[in-house]
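K.L.:
Just dropping this structure here.
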Amino acid sequence: MLQRGLTYLNCAAMGPTSRAVLEEVSRWSRELEANPAGEGYGALERGMDDVRVKAARLINASLPEVSLTTSVSHGMNIVAQGIDLQVGQRVLTTNQEHPSGQACWEYFARTRNAVIDVVQVPYDVRHGQEILRLFEAKITPQTRVISVSHVTSPTGIQMPVERIAQLAREHGCLCVVDGAQTVGAQPVDVKRIGCQAYAANGHKWLLGPKGTGFLFISEDARKEIDPQALQDGPNAYTKITGVANIPGMLGLGNAIDQLNSAGQTNIQKRIQELREYAYQELRKVSSVSLISPLAGELASPLLAFRIAGVKDYRSLWGLLSSKYSIVLKLVPQQYFSGALRISPHVYNNEEDIDRLIHAIKSGQG
Ligand SMILES: Cc1ncc(COP(=O)(O)O)c(C=O)c1O
């Protein structure tokens, strides 16, 4: 479905949905519109709960632990509201969170005088153990929540979430994981991670319809995370949720089916190949310095880099789009003074990376 001639290297911002899944969404829409209330409160409503079954299987959760959301941001807000931090309670998070992983806690800092502690994860960190030590140094007896991205947005660091979740358990606090950059790109097993909440979306690596997502809250933690949104249960339609984007949510199920038939590990392998190819090719360009980690425990499909001599990254980013039809991410200023980020998926190939390299080489001059 991507525009002809477009080199789309920005899945980490939004993934393109396949023609097959879009056709399913349109088929669901037609079914719904043929008898809106009959289908929407009937078979299609039950179909959305089947999507919850697929989502739960995908991340190794049980069905009551999974509810549908519109995004990771939505999921993070549901979790934060359900924890309901009180005066003096602390959240431990990092300098590399997406704004939506900050805003959900900032509300409680503003309205309840909760405290947010920020681990400064160096952009050039190279070992998970180093990250863990930074968390250990910042955790306090008042820390109630550790909130962390599974893969960070600005740098694509694969965080050691299993060890962070274990640290949280050792200190009697909750571990909340922002999974915006993982589900669909790599296998995710929430039980193995050992976190109490995990927020995912459908519109990035799952290549699903936009405005779809799901949220895991572990059954064991439901007393401590008790959001208003789940007071009538986790089903797709409750007296609290109201009507969802039914065709979109059903399309999320189709996107999960597509992922399963291609095989999550095959997809991960191909993404890793492309990421590694991009890493090596970018490395050969003398003006480029890579920010994201080398292949290994911290690597993910997100690759951020700087280019020597570039003062105005926004202009370069604009030029790459307007002149070369290459879409990538301009990393927001809050993280770096200037950087670009690519995030290849299986619909890309090595030639896309070659085009980027060519454009960087000629686009600077
Ligand atoms: C780490 C991270 N969290 C959250 C988000 C926001 O995702 P959503 O649009 O599903 O709320 C992003 C999007 O870029 C992200 O990178």
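K.L.:
Looking at the range 143-162, which of its residues are within 11 Å of the ligand (Cβ to nearest atom) and either surrounded by fewer than 24 Cβ atoms within 10 Å (Cβ to Cβ) or not small (G, A, S) (or both)?
P.N.:
Scanning the range 143-162 gives V148, H150, V151, T152, P154, T155, I157, M159.
K.L.:
May I pose another question? Is at least one residue of the range 157-178 among the basic types (K, R), in contact with a helix residue (DSSP H, G or I) (Cβ under 8 Å, 6 or more places away or on another chain) and under 30 Å from H345 (Cα atoms)?
P.N.:
yes
K.L.:
Shifting gears a bit: So T140 fits all but one of (1) of a type outside the set (G, A, S); (2) in a helix (DSSP H, G or I); (3) open to solvent by 10 Å² or more (accessible area, probe 1.4 Å); what number is the exception?
P.N.:
Looking at each condition in turn, T140 falls short on (2).
K.L.:
Next question. Within the range 66-83, track down each residue that is assigned to a helix (DSSP H, G or I) and surrounded by 23 or more Cβ atoms within 10 Å (Cβ to Cβ).
P.N.:
Listed by number, the residues that qualify are V72, G75, M76, V79, A80, I83.
K.L.:
Moving on. Please give the number of the condition G211 fails out of (1) surrounded by fewer than 19 Cβ atoms within 10 Å (Cβ to Cβ); (2) away from the ligand (no atom under 16 Å from the Cβ).
P.N.:
So G211 meets the others, but not (2).
K.L.:
In addition: For the range 143-195, give me each residue that is part of a helix (DSSP H, G or I) and touching a Lys or Arg at 6+ places or on another chain (Cβ under 9 Å).
P.N.:
If the condition is that a residue be part of a helix (DSSP H, G or I) and touching a Lys or Arg at 6+ places or on another chain (Cβ under 9 Å), then E162 is the only one that fits.
K.L.:
So is I240 of a type outside the set (D, E, K, R), more than 17 Å from I83 (Cβ to Cβ) and open to solvent by 30 Å² or more (accessible area, probe 1.4 Å) or not?
P.N.:
Against the criterion (of a type outside the set (D, E, K, R), more than 17 Å from I83 (Cβ to Cβ) and open to solvent by 30 Å² or more (accessible area, probe 1.4 Å)), I240 qualifies.
K.L.:
Something else now. Going by the conditions given, is V288 surrounded by 17 or more Cβ atoms within 10 Å (Cβ to Cβ), over 25 Å from P122 (Cα atoms) and either in contact with a strand residue (DSSP E or B) (Cβ under 8 Å, 6 or more places away or on another chain) or not aliphatic (A, V, I, L, M) (or both)?
P.N.:
Criteria not met by V288.
K.L.:
Might you check whether a residue that is on the phi > 0 side of the Ramachandran plot, touching a residue at least 24 places away in the same chain (Cβ under 8 Å) and either away from the ligand (no atom under 15 Å from the Cβ) or surrounded by fewer than 19 Cβ atoms within 10 Å (Cβ to Cβ) (or both) occurs anywhere in the range 181-195?
P.N.:
Checked against the condition, which is being on the phi > 0 side of the Ramachandran plot, touching a residue at least 24 places away in the same chain (Cβ under 8 Å) and either away from the ligand (no atom under 15 Å from the Cβ) or surrounded by fewer than 19 Cβ atoms within 10 Å (Cβ to Cβ) (or both), the range 181-195 yields at least one hit.
K.L.:
Let me confirm something: among L298, L252, which residue is at pLDDT 95 or above, of a type outside the set (G, A, S), surrounded by 14 or more Cβ atoms within 10 Å (Cβ to Cβ) and in contact with a strand residue (DSSP E or B) (Cβ under 7 Å, 6 or more places away or on another chain)?
P.N.:
L298
K.L.:
If you go through the range 100-115, how many residues are buried (at least 17 other Cβ atoms within 10 Å of the Cβ) and either under 30 Å from C11 (Cβ atoms) or in contact (Cβ under 8 Å) with a residue 40 or more places away in the chain (or both)?
P.N.:
Result for the range 100-115: 5.
K.L.:
Same structure again: Go through the range 60-89 and give me each residue that's more than 16 Å from P234 (Cα to Cα) and more than 16 Å from the ligand (Cβ to nearest atom).
P.N.:
N60, I83, D84, L85, Q86, V87, G88, Q89, listed by residue number.
K.L.:
Go through the residues of the range 110-120 one by one and say whether even a single one is within 12 Å of the ligand (Cβ to nearest atom), under 21 Å from the mean Cα position of the chain (by Cα) and of a type in the set (A, V, I, L, M, F, W, C).
P.N.:
There is no residue in the range 110-120 that is within 12 Å of the ligand (Cβ to nearest atom), under 21 Å from the mean Cα position of the chain (by Cα) and of a type in the set (A, V, I, L, M, F, W, C).
K.L.:
To continue, here is another question. Can you confirm whether S73 is modelled with pLDDT of 95 or more, polar (S, T, N, Q) and under 26 Å from Q264 (Cβ atoms)?
P.N.:
So S73 passes the test.
K.L.:
Any residue in the range 338-364 that's closer than 10 Å to L303 by Cβ: show its pairings with residues that are buried (at least 18 other Cβ atoms within 10 Å of the Cβ) and among the aromatic types (F, W, Y) at Cβ separation under 9 Å, as long as the two are six or more apart or on different chains.
P.N.:
Going by the 9 Å Cβ cut-off, the qualifying pairs are L340/F305; L340/Y313; L340/W317; R341/F305; I342/F305; S343/W205.
K.L.:
Answer yes if at least one residue in the range 84-98 is part of a helix (DSSP H, G or I) and surrounded by 21 or more Cβ atoms within 10 Å (Cβ to Cβ), and no otherwise.
P.N.:
Looking for residues that are part of a helix (DSSP H, G or I) and surrounded by 21 or more Cβ atoms within 10 Å (Cβ to Cβ), one finds none in the range 84-98, hence no.
K.L.:
For the range 21-48, which residues satisfy the criterion of being of a type in the set (G, A, S), surrounded by 13 or more Cβ atoms within 10 Å (Cβ to Cβ) and either within 30 Å of S153 (Cα to Cα) or within 26 Å of the chain's Cα centre (by Cα) (or both)?
P.N.:
Within the range 21-48, G47 is the sole residue that qualifies.
The values are calculated or read from the model by the stated rules, or taken from the named source; none is laboratory data. Since the structure is predicted, the reported quantities are computational estimates derived from the model, not experimental observations. Using ideal geometry, Cβ is built from the backbone for each residue, glycine included, and neighbour counts are taken over all protein chains shown. Heads up: the accessible areas ignore ligands, DNA and RNA and are worked out on the full protein's heavy atoms, side chains in. Shrake-Rupley method; radii C 1.70, N 1.55, O 1.52, S 1.80 Å.
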